[in-house]
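Q: My structure is below; once you've seen it, I'll send some questions.
The values are calculated or read from the model by the stated rules, or taken from the named source; none is laboratory data. The structure displayed is predicted, hence computed values, not measured ones. Every residue, glycine among them, receives a Cβ derived from its backbone with ideal geometry; neighbour counts consider all protein chains shown.
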Amino acid sequence: MRALELRAGPRALDIIRERGLRLDDIDVLPGASGGAKWLVLAGLDRYLFGTVLGPGAAHARTRPLHCIGSSIGSWRMACFAQRDPVAALNRGHLAYIYEQVYTKNPEPREVTDVLSRCLDRLLGDTGIDEMLTHPFARLHVITAQGRGLAASERRLVLATAIALAATANLVGRRSLALQFRRTVFHSAGDTTPFAHWRDLPTVHRTLSRENARDVLIASGSIPLLVDGVRLPGAHETTRREMHWDGGVTDYHLDLDFGAGDGLVLYPHFYAHVVPGWFDKSLRWRMARAANFSRALLLAPSAEFVASLPGGKIPDRRDFSAFPRAERERRWQAVLDASARLGEELHELITTGTLADRVVPW
């Protein structure tokens, strides 16, 4: 059984066929939203973060590597940017599986408190400082700033905003701007390659020691399920802004990653990309091919997913579908099985057969 599916845009195909997968050829590392789905990528992340891109390879890096994520993708990127990314991943995975304990019908405050503790485990005592002082990783965290009704904390008002946003999104993604604005908090300063984005209204802010934890929580704050996070505005006199899950605007990161010469290395749950949260059921809303010209996507194969418990990737519906012990058992089994993804990628790289397995995306 082949565990990995590999797809590449035309520019990425050229690079891989010419010289394989090298650290210094990677410009951007994206991480999509998806909650519990990150567990299926655990083995792949451990290999990539710890070996291919890990601290031991830092001497081979001659320019910044821009790590960008929304929701759980931003937590994965926060692991990568720490001094020991594999240890950070392990802390995060164990907390996510075993420390998410809720009452039968938890209110958003309870979910927020539990997830905040999981994030604290992932970060450890020094994670934030390590992220912001990393020798080459530049972290970009996407949130969706609530506008109009979506800036409210009142459940009925917020539900109305979500319904309006979903309806407007049927017309076009730019209509999301009526309720949400993409905000990118980053540590890249003037070197960010994403300042040109115009597909949606976008604001760029500095990721700092003071706001990093709150920003990471906000990036995973699913409206109506988790509390939004109020963050300072662009000016100190501005009312504190409400920020929600970055997946609302950028679910799988259908973004213009810029015109660099290197790869966009994209470990993903699926072999397809859904632009925004409200596009999940819109079959006609396709990702833009031009955005992935230099992207190499690594995803679990359909055969691998079929071998997992229940034949599926974990998701948050598992909390209601299974008793706690059964959910934990299934998620741990997925975590263990995911090691195969990293092992297969290692085999492809070391045997020089990676290019033979890649198909055009």
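Q: What's the number of the condition Asp214 fails, among (1) closer than 19 Å to Ile68 by Cβ; (2) in contact with a Gly (Cβ under 6 Å, 6 or more places away or on another chain)?
A: (2)
Q: What number of residues within segment 1-10 are over 29 Å from Leu308 (Cα atoms) and surrounded by 19 or more Cβ atoms within 10 Å (Cβ to Cβ)?
A: Going through segment 1-10 one residue at a time, the tally reaches 0.
Q: If you take the residues of segment 144-176 that are surrounded by 13 or more Cβ atoms within 10 Å (Cβ to Cβ), assigned to a helix (DSSP H, G or I) and of a type outside the set (A, V, I, L, M, F, W, C), which of them is modelled with the highest pLDDT?
A: Residue satisfying both the conditions and the ranking: Thr160.
Q: Answer with yes or no whether Gly92 is closer than 29 Å to Ala337 by Cβ, buried (at least 17 other Cβ atoms within 10 Å of the Cβ) and touching a strand residue (DSSP E or B) at 6+ places or on another chain (Cβ under 6 Å).
A: Answer is no for this residue.
Q: Could you list, in sequence order, the residues of segment 12-40 that are over 16 Å from Phe292 (Cβ atoms) and crowded, with 24+ Cβ neighbours inside 10 Å?
A: Ser33, Gly34, Trp38, Leu39, Val40
Q: For segment 341-361, name all the residues that are in a helix (DSSP H, G or I) and over 20 Å from Val40 (Cβ atoms).
A: Of the residues in segment 341-361, the ones in a helix (DSSP H, G or I) are 341-350, 354-357.
If the condition is that a residue be in a helix (DSSP H, G or I) and over 20 Å from Val40 (Cβ atoms), then Ile349, Thr350, Leu354, Ala355, Asp356 are the ones that fit.
Q: Select, from Ala188, Ala218, the only residue that is in contact (Cβ under 8 Å) with a residue 60 or more places away in the chain and closer than 16 Å to Trp244 by Cβ.
A: Step by step, each of Ala188, Ala218 is checked, and only Ala218 is in contact (Cβ under 8 Å) with a residue 60 or more places away in the chain and closer than 16 Å to Trp244 by Cβ.
Q: Further question: Taking the options Val171, Val141, Val157, name whichever one is under 18 Å from Gly247 (Cβ atoms) and of a type in the set (Val, Ile, Thr).
A: Values: Val171 fails: under 18 Å from Gly247 (Cβ atoms); Val157 fails: under 18 Å from Gly247 (Cβ atoms).
The conditions single out Val141.
Q: All but one of (1) touching a helix residue (DSSP H, G or I) at 6+ places or on another chain (Cβ under 9 Å); (2) touching a residue at least 40 places away in the same chain (Cβ under 8 Å) hold for Val28; which doesn't?
A: Tallying (1) touching a helix residue (DSSP H, G or I) at 6+ places or on another chain (Cβ under 9 Å); (2) touching a residue at least 40 places away in the same chain (Cβ under 8 Å), Val28 fails exactly one: (1).
Q: Counting only residues that are out of contact with any His (no Cβ under 9 Å at 6 or more places or on another chain) and more than 22 Å from Ala299 (Cα to Cα), give me the helices (runs of 4 or more DSSP H) lying completely in segment 1-114 with at least 2 of them.
A: Per the criteria, 85-98.
Q: Right, something else. Which count do you get for residues in segment 184-219 that are aliphatic (A, V, I, L, M), touching a His at 6+ places or on another chain (Cβ under 8 Å) and surrounded by fewer than 19 Cβ atoms within 10 Å (Cβ to Cβ)?
A: Number of matching residues: 1.
Q: What's the total number of residues in segment 302-340 that are assigned to a loop (DSSP other than H, G, I, E, B), closer than 22 Å to Arg46 by Cβ, under 21 Å from the mean Cα position of the chain (by Cα) and not acidic (Asp, Glu)? Full working, then the answer.
A: Going residue by residue through segment 302-340, those that are assigned to a loop (DSSP other than H, G, I, E, B) are 307-308, 312-317, 322-323, 338.
Right, trim to closer than 22 Å to Arg46 by Cβ and you get 307-308, 312-315, 338.
Within this subset, residues satisfying the condition of being under 21 Å from the mean Cα position of the chain (by Cα) are 312-315, 338.
Those still in the list that are not acidic (Asp, Glu) too: 312-314, 338.
Residues that pass the stated criteria total 4.
Q: From Leu308, Leu297, Leu263, which residue is of a type in the set (A, V, I, L, M, F, W, C), within 28 Å of Ser338 (Cα to Cα), modelled with pLDDT of 95 or more and out of contact with any strand residue (DSSP E or B) (no Cβ under 6 Å at 6 or more places or on another chain)? Don't jump to the end; show me each part of the working.
A: Working: Leu297 fails: out of contact with any strand residue (DSSP E or B) (no Cβ under 6 Å at 6 or more places or on another chain); Leu263 fails: out of contact with any strand residue (DSSP E or B) (no Cβ under 6 Å at 6 or more places or on another chain).
Going through Leu308, Leu297, Leu263 in turn, the sole match is Leu308.
Q: Somewhere in segment 124-140, is a residue farther than 28 Å from Phe194 by Cα and in contact with a Leu (Cβ under 9 Å, 6 or more places away or on another chain)?
A: So far as segment 124-140 goes, no, none of its residues is farther than 28 Å from Phe194 by Cα and in contact with a Leu (Cβ under 9 Å, 6 or more places away or on another chain).
Q: As an exercise: evaluate Leu253 against (1) in contact with an Asp or Glu (Cβ under 8 Å, 6 or more places away or on another chain); (2) surrounded by 15 or more Cβ atoms within 10 Å (Cβ to Cβ); (3) in a loop (DSSP other than H, G, I, E, B) and give the number of the one condition it does not meet.
A: Exception for Leu253: condition (1).
Q: Starting from segment 8-21, take each residue that is in contact (Cβ under 8 Å) with a residue 40 or more places away in the chain and list its partners that are of a type in the set (Ser, Thr, Tyr), counting only C-beta distances under 9 angstrom and pairs at least six apart or across chains.
A: So the pair list comes out as Gly9/Ser293; Pro10/Ser293; Arg11/Ser293; Ala12/Ser293.
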